[in-house]
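Remarks on the structure that follows.
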Amino acid sequence: DVFADRSMASQVRWMAIVNLKNGIDKYWKRAAQHPIHISEKELVRPRLLTMLDEGDPLIATQYCVTVAKIARWEYPRVWPGFAEELLAQTRAIAADDALPGAQRSAMEHNALHTLHLFVKSLAARTMPLERQKMREITPLVFAVLVPIYDQRLAQFHAAIMQAGVFASTLPLIKSIRLCIKVLRRLWTFGYEKIEEADKVAQDFFVATIGHQSAFYDVYRAMVDGAASPAAAPEDYLTVLRKIVLLYGKLYLDFQKYHAVKFITAPCTKSMLHWYWQQISSDAPRLVVPLCDEDPDADAPLTLEPLLIQGLILYKNVVKNYFYQPDDDDGPESDAVRCRHVIDTEILTPAFVAQMAEMLMSHYIPLKRGDLERWQDDPEGWMADEDSDYWNFEVRRCAEHLFVDLVGQNRAQLAPELARFVQQGSAADGAHSPTEAHYRRDGQFAALGLCASDLYDHIDFCQWLAHNPVVDSPAGAVKWRAAWLVGKWVAVKLPAAQRPHVYALLLGLAAASEPLIVRMEALASLVCCVNDWDFAADQFAPFVQPALERLTEVLAAVSTPESRMRIVNFLSSLVQRLQLEI
């Protein structure tokens, strides 16, 4: 009653709807202690969809969440007509031209937001009845939302060329964003077989590829013109950015849950090609001059989540269980058909070589931000490197794609990579310090990431002993040298060469080196100790300096995670040395 009384102060109505939401969350379920009586529920439920015209954004958000919570528990058993009622109101609001513009925008936003929260919770449920009802309402939702999406899109494109467009088009792009959020889940989970999707849904998916590129062009133009007097406000750019990324989430979900249809869809090739264009065009933006060359240089603005989406899409195409045919698969099997499409239309040999070169020269080398963080927070950087959250960072995502690409195309790429790596730093003098760093670090990263694919083509011990770059005073080179040993020790490290490697790592772990280099050197040393071919008597001359380096680093680190890491290193050393300790 207090929430519905428009004469009340907005703060009072906001507190009322928050308390209503919290009370429903705690007492609406029948299994709750002191639950709401059925008679009270019957008083509340009919009034829920009568307040869609709420204009206060804060109050409207709480209202939408409250309605969605009740629908989550009562649909479809207790309130089977909720979806149809909400969709009918959404259709009526969008078609009612008599409403004032601000009021209709608020009502449409509230209806779409409620529908989004409802579909989001429904897609996460796995009971057969809920799944069946979601499949039943999916064509109806597409029939209602796709015309709204198309209409708002046309209105936005018609108004975007006018001056002072931001205030008038912000409600339009908010509605477009909510439509995409609803439809992307229904496209992924609303059909038992995606081939059974109706024409409206399929046309929507095909059209999104062109819509994403158009929105990204608008976003990029506004970001590049941010210094002009007519620059777009930040909240406007935020909505545009979210729309561009929502299309990517649609493609990633479709690829994850409908892998075969993703490859065989006729529009997939153009979509992947567009993503590769963005990866290629943004690659020079990632090469920021080092501090030693240009201390005041700023990194150009890039939409890194978009690059990450493209890298993950390609990674899932390069290596995927559904695209690996078995020996007994016939020519008409899904895996054989997908493999044929991938090899002949997507990952051709020329494109594979181009992708490997692009990743190695621009994406997998350490960036200026990594080197700066070494100075500010080396322990945090080390912890992030060991975490599993690689799909949130461009460089680490590119590393995983590069490893899969070389592993799946070993015969083509391994000899070329070996030749490129063995060139060493011969041409570094012809490059600027920044270009030399990226070229050298790309070589080193490729050598370590693909150690299991290059061991037949490179004698790592000989390369380590004779490569002059290993003796470089640069901290990035020293870190890479220690990191490389850790990658190759389990692949190809003869027993006769191990004392040289032990001495190298202990030298890199000296107190005069940067903390990040010392920690990586000890991590690689423990990889040597834990290796199957480790010999305690061969390591005996290095026991005393190893213990000294470990205790020195233990005193230098400050975070509990780093301390536990060093303590575990010490534990492994004691365990493997046995009597030699």
Can you name the condition, by its number, that residue 211 falls short on among (1) open to solvent by 60 Å² or more (accessible area, probe 1.4 Å); (2) of a type outside the set (Asp, Glu); (3) within 19 Å of residue 148 (Cβ to Cβ); (4) in contact (Cβ under 8 Å) with a residue 24 or more places away in the chain? (1)
Looking at (1) open to solvent by less than 50 Å² (accessible area, probe 1.4 Å); (2) at positive phi, which one does residue 550 not meet, given that it meets all the others? (2)
Could you tell me whether any residue of the stretch 420-430 is among the charged types (D, E, K, R) and open to solvent by 30 Å² or more (accessible area, probe 1.4 Å)? no
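Let's see how each residue does on (1) of a type outside the set (Gly, Ala, Ser); (2) more than 17 Å from residue 434 (Cβ to Cβ); (3) in contact with a helix residue (DSSP H, G or I) (Cβ under 6 Å, 6 or more places away or on another chain):
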{"position": "256", "(1), (2), (3)": "yes, yes, no"}
{"position": "263", "(1), (2), (3)": "yes, yes, yes"}
{"position": "269", "(1), (2), (3)": "yes, yes, yes"}
{"position": "273", "(1), (2), (3)": "yes, yes, no"}
{"position": "279", "(1), (2), (3)": "yes, yes, yes"}
{"position": "283", "(1), (2), (3)": "no, no, yes"}
{"position": "286", "(1), (2), (3)": "yes, no, yes"}
{"position": "290", "(1), (2), (3)": "yes, no, yes"}
Mind checking which residues of the stretch 356-409 are basic (Lys, Arg) and open to solvent by less than 40 Å² (accessible area, probe 1.4 Å)? 367, 368, 395, 396
Among 16, 60, the single one that is of a type in the set (Gly, Ala, Ser), within 23 Å of residue 109 (Cα to Cα), under 36 Å from the mean Cα position of the chain (by Cα) and modelled with pLDDT of 90 or more is 60
Would you say residue 323 is under 16 Å from residue 402 (Cβ atoms), open to solvent by less than 30 Å² (accessible area, probe 1.4 Å) and of a type in the set (Phe, Trp, Tyr)? no
Yes/no for residue 225 being open to solvent by less than 50 Å² (accessible area, probe 1.4 Å), out of contact with any helix residue (DSSP H, G or I) (no Cβ under 8 Å at 6 or more places or on another chain) and not β-branched (Val, Ile, Thr): yes
Contacts under 8 angstrom Cβ, first residue in the stretch 333-356 being among the polar types (S, T, N, Q), partner surrounded by 14 or more Cβ atoms within 10 Å (Cβ to Cβ), 6 or more apart: 333/325
Mind listing whichever residues of the stretch 31-49 are free of Cβ contacts under 8 Å to residues at least 40 places away in the same chain and within 39 Å of the chain's Cα centre (by Cα)? 31, 32, 48
Could you please let me know if residue 463 is open to solvent by 10 Å² or more (accessible area, probe 1.4 Å), at pLDDT 90 or above, in a helix (DSSP H, G or I) and touching a Gly at 6+ places or on another chain (Cβ under 9 Å)? no
So if I check each of 140, 129, 153, which one is assigned to a helix (DSSP H, G or I), hydrophobic (A, V, I, L, M, F, W, C) and either touching a strand residue (DSSP E or B) at 6+ places or on another chain (Cβ under 8 Å) or closer than 23 Å to residue 64 by Cα (or both)? 140
Which is under 15 Å from residue 94 (Cα atoms) and crowded, with 19+ Cβ neighbours inside 10 Å, of 153, 186? 153
If we keep only residues of the stretch 442-460 that are within 17 Å of residue 517 (Cα to Cα) and touching a helix residue (DSSP H, G or I) at 6+ places or on another chain (Cβ under 6 Å), then the residue surrounded by the most Cβ atoms within 10 Å (Cβ to Cβ) is 444
Do you know which residues across the stretch 81-106 are closer than 20 Å to residue 135 by Cβ and open to solvent by less than 70 Å² (accessible area, probe 1.4 Å)? 81, 82, 83, 86, 87, 88, 90
Counting only residues that are at pLDDT 90 or above and charged (D, E, K, R), which one in the stretch 549-581 is farthest from residue 378 (Cα to Cα)? 576
Every listed condition ((1) within 28 Å of the chain's Cα centre (by Cα); (2) farther than 21 Å from residue 254 by Cβ) holds for residue 145 save (2)
Quick one: which helices (runs of 4 or more DSSP H) sit completely within the stretch 484-581 and have at least 3 residues that are aliphatic (A, V, I, L, M)? 498-508, 515-529, 543-556, 560-577
Exactly one condition in (1) touching a residue at least 24 places away in the same chain (Cβ under 8 Å); (2) under 20 Å from residue 217 (Cα atoms) is false for residue 103; which is it? (2)
When the stretch 343-355 is examined, which residues are found to be open to solvent by 60 Å² or more (accessible area, probe 1.4 Å) and closer than 17 Å to residue 310 by Cβ? 354
Kindly list, by first and then second residue, each pair from a residue in the stretch 114-133 that is closer than 14 Å to residue 188 by Cβ to a residue that is open to solvent by less than 40 Å² (accessible area, probe 1.4 Å) and outside any helix (DSSP H, G or I), limited to pairs with Cβ atoms under 9 Å and residues at least 6 apart or on different chains. 119/190; 122/75; 123/190
Some residue of the stretch 260-272 being farther than 25 Å from residue 334 by Cα, open to solvent by 30 Å² or more (accessible area, probe 1.4 Å), aliphatic (A, V, I, L, M) and in contact (Cβ under 8 Å) with a residue 12 or more places away in the chain: no
So, residue 231, is that one part of a loop (DSSP other than H, G, I, E, B) and without any contact (Cβ under 8 Å) to a residue 24 or more places away in the chain or not? yes
Among the residues listed as 71, 88, 98, 92, the single one being free of Cβ contacts under 8 Å to residues at least 24 places away in the same chain and within 23 Å of residue 189 (Cα to Cα): 88
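The values are calculated or read from the model by the stated rules, or taken from the named source; none is laboratory data. Everything quoted here is computed from the prediction, not taken from an experiment. In this analysis, Cβ positions are derived from the backbone assuming ideal geometry, glycine residues included, and neighbour counts consider all displayed protein chains. When the accessible area is computed, the model is the full protein with side chains, heavy atoms only, and any ligands, DNA or RNA have been set aside. Shrake-Rupley method; radii C 1.70, N 1.55, O 1.52, S 1.80 Å.
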